[in-house]
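J.: Okay, handing you the structure first.
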Amino acid sequence: VKRQGKNGHQFYSPDLDLQLLDHIEIESDLRKAIERNELELHYQPQFHAESNQMIGVEALVRWNHPKKGLMSPGLFIPIAEETGLIFEIGTWVLKEACRQMKLWHDEGGPLIPISVNLSSQQFHQPNLVMYIKNILEETKLAPNYLELEITESMMMDPAVSIAILQELNKIGIRISLDDFGTGYSSLSYLKKFPIHKLKIDRSFIMDITQNSSDKAIVAAIISMAQHLKLDVIAEGIETKDQLDVLTENDCQEIQGYYFSRPLSAEQVEQEFFIPGRI
Ligand code: C2E
Ligand code: CA
Ligand code: CA
Ligand code: CA
């Protein structure tokens, strides 16, 4: 949607789009989406840059809306969060992601973990650990193959967050700090959070080949991760030049369109798993 700006410029705002969509209609459609089997997961592979090995996949939800077509999570996850539907959707996502990865493991696919995005409300639900444990038992995926992606902005109360993270750690789940660098959490907490991985936000990668500040920030994050003995992955790599800057700075784990877009389960099997084995 294009609107006329104050000084005559045209500007584009995704927020305006969201307002213009029939919020109520989406909400009521979303309530039925799960039972109607309209949600699907796409999977974006993550790679080790030098060896080209697939080291993981991130599950990303899509909604196959009967009229609007395939809707991106940016459009309906905020509505799901506002209305509390995020719990039902989040449960479906977790179960489906674990089920799929267990199936791939069983069928001879690579023994890699699956990353699942958690909303703040899910992270703070009172019975989170028991709830996750139940999903792992139901789907029979080993806990060390589940990685939860959370963001700094969810950890407004560090003491509470640390307690939740420690419990998740105890059952063997991996934690990745998504969109790293965009939140406001104090760095001094980083060493206290029991997490495994920093995921450098795409906003620092976009202009990394031209913007020396972005490059410096990314280099600092990588070096800090190494000192804190955390894994580090960069997201949103679209070009060879961006990849080169990252590998020069010793970031080996990479996710982005340059390697692969998010794909359906079938496409992942066809493009990346050994034919005939799966
Ligand atoms: P995110 O967790 O930061 O996910 C990365 C987003 O960047 C994905 O968009 C992915 O398709 C996109 N992306 C990956 N590589 C590239 C690249 O090289 N260039 C560009 N321009 N984009 C790239 P997507 O799938 O539309 O998801 C948007 C956001 O929606 C996610 O951001 C995440 O915050 C949220 N989301 C997605 N699935 C779930 C879910 O199951 N639960 C929750 N709570 N949130 C989800
Ligand atoms: Ca993510
Ligand atoms: Ca991210
Ligand atoms: Ca993001």
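Any read-out appearing in this document is the output of simple, stated calculations on the displayed coordinates, not a laboratory observation. Predicted model only: the values in this text are computed from it and were never measured. FYI the Cβ positions are ideal-geometry reconstructions off the backbone, even for glycines, and counts take in every protein chain you see.
J.: Determine the shape class of the range 63-163: with a ≥ b ≥ c the square roots of the Cα gyration tensor eigenvalues, call it rounded for a/c under 1.5, and otherwise prolate if a/b is greater than b/c, oblate otherwise. Display every interim value, and only then the final one.
T.: Details: a/c = 1.96, a/b = 1.08, b/c = 1.81.
Cα axes put the range 63-163 in the oblate bin.
J.: Rounded, prolate or oblate: pick one for the chain, where a ≥ b ≥ c are the square roots of the eigenvalues of its C-alpha gyration tensor, a/c under 1.5 means rounded, and failing that, prolate if a/b is larger than b/c, else oblate.
T.: Numbers: a/c = 1.23, a/b = 1.04, b/c = 1.18.
Rounded shape, in that the Cα axes give a/c under 1.5.
J.: Pull out a ≥ b ≥ c, the square roots of the eigenvalues of the alpha-carbon gyration tensor of the range 168-278, then state rounded if a/c is under 1.5, prolate if not and a/b is larger than b/c, and oblate in the remaining case.
T.: The shape class here is oblate.
J.: State, to one decimal in nm, how far the label point of N169 lies from the label point of Q121, with both points 7 Å from Cα in the Cβ direction.
T.: 2.9 nm
J.: Given R₀ = 25 Å, what would the calculated FRET efficiency be for Q226 paired with Y189, taking r from the Cβ atoms and rounding to 0.05? Can you show the working numbers first?
T.: Working: r = 18 Å, r/R0 = 0.74.
So the FRET efficiency works out to roughly 0.85.
J.: Sort T139, T151 so that the residue with the fewest other Cβ atoms within 10 Å of its own Cβ comes first and the one with the most comes last.
T.: Numbers: T139 18, T151 21.
By the 10 Å Cβ count, ascending: T139, T151.
J.: On to the next question. R0 = 30 Å: FRET efficiency of E40 with S213, Cβ-based, nearest 0.05? Could the numbers behind the result be given before it?
T.: Details: r = 39 Å, r/R0 = 1.28.
E between E40 and S213, to the nearest 0.05, is 0.20.
J.: Can you put M54, M155, M130, M101 in order of Cβ neighbours within 10 angstrom, beginning with the fewest? Spell out each step's value before the answer.
T.: Working: M54 18, M155 22, M130 11, M101 25.
Least to most surrounded, the residues fall as M130, M54, M155, M101.
J.: Please find the FRET efficiency linking K67 to L111, where r is the Cβ-Cβ separation and R0 is fixed at 35 Å, and quote it to the nearest 0.05. All intermediate terms of the calculation are to be shown ahead of the outcome.
T.: On the way: r = 40 Å, r/R0 = 1.15.
Between K67 and L111 the formula returns 0.30.
J.: Which whole-Hz ³J(HN,Hα) couplings does the range 234-245 yield from phi under the Karplus relation 6.51 cos²θ - 1.76 cosθ + 1.60, θ = phi - 60°, glycine and proline marked x?
T.: Computed from phi, the couplings for the range 234-245 are 9, 10, x, 7, 10, 10, 4, 5, 5, 4, 4, 4 Hz.
J.: For the range 205-216, in order, what is each residue's ³J(HN,Hα) by Karplus, 6.51 cos²θ - 1.76 cosθ + 1.60 with θ = phi - 60°, in whole Hz (x at glycine and Pro)?
T.: Rounded to whole hertz, the list is 8, 3, 10, 4, 6, 10, 8, 6, 5, 4, 4, 5.
J.: Tell me, in nm to one decimal, what length is gained between M130 and D157 on full extension, where the rule is 0.36 nm per residue of separation less the Cα-Cα distance? Don't skip to the end; give the middle numbers.
T.: Values: separation 27, 0.36 × 27 = 9.72 nm, distance 2.12 nm.
Full extension of this stretch gives 7.6 nm more.
J.: Among the listed pairs K102/K229; K170/K199; K95/K229; K95/K240, give every one whose C-alpha distance is greater than 32 Å.
T.: Details: K102/K229 28 Å; K170/K199 22 Å; K95/K229 30 Å; K95/K240 35 Å.
With Cα atoms farther than 32 Å apart: K95/K240.
J.: With each run of n ≥ 4 DSSP H residues scored as -39500 (n - 2.57), what mean residue ellipticity at 222 nm is computed for the chain after dividing by its residue count and rounding to the nearest 500 deg cm²/dmol? Display every interim value, and only then the final one.
T.: Numbers: 12 runs with 120 residues, N = 278.
Helix contribution divided over all residues of the chain: -12500 deg cm²/dmol.
J.: Okay, moving on. Which whole-Hz couplings ³J(HN,Hα) result when phi for each residue of the range 105-121 is put into the Karplus expression 6.51 cos²θ - 1.76 cosθ + 1.60, θ = phi - 60°, listed in order with x for Gly and Pro?
T.: 4, 5, 8, x, x, x, 7, 10, x, 10, 9, 10, 6, 10, 7, 4, 4
J.: Here's a follow-up. Only sites in a loop by DSSP and with at most 13 other Cβ atoms within 10 Å count here; which chymotrypsin sites (Phe, Trp or Tyr not before Pro) in the range 134-227 make the cut? Please report the intermediate quantities before stating the final value.
T.: Values: sites: Y145, F180, Y184, Y189, F204; in loops: Y184.
Those that pass, being in a loop and sparsely packed, are Y184.
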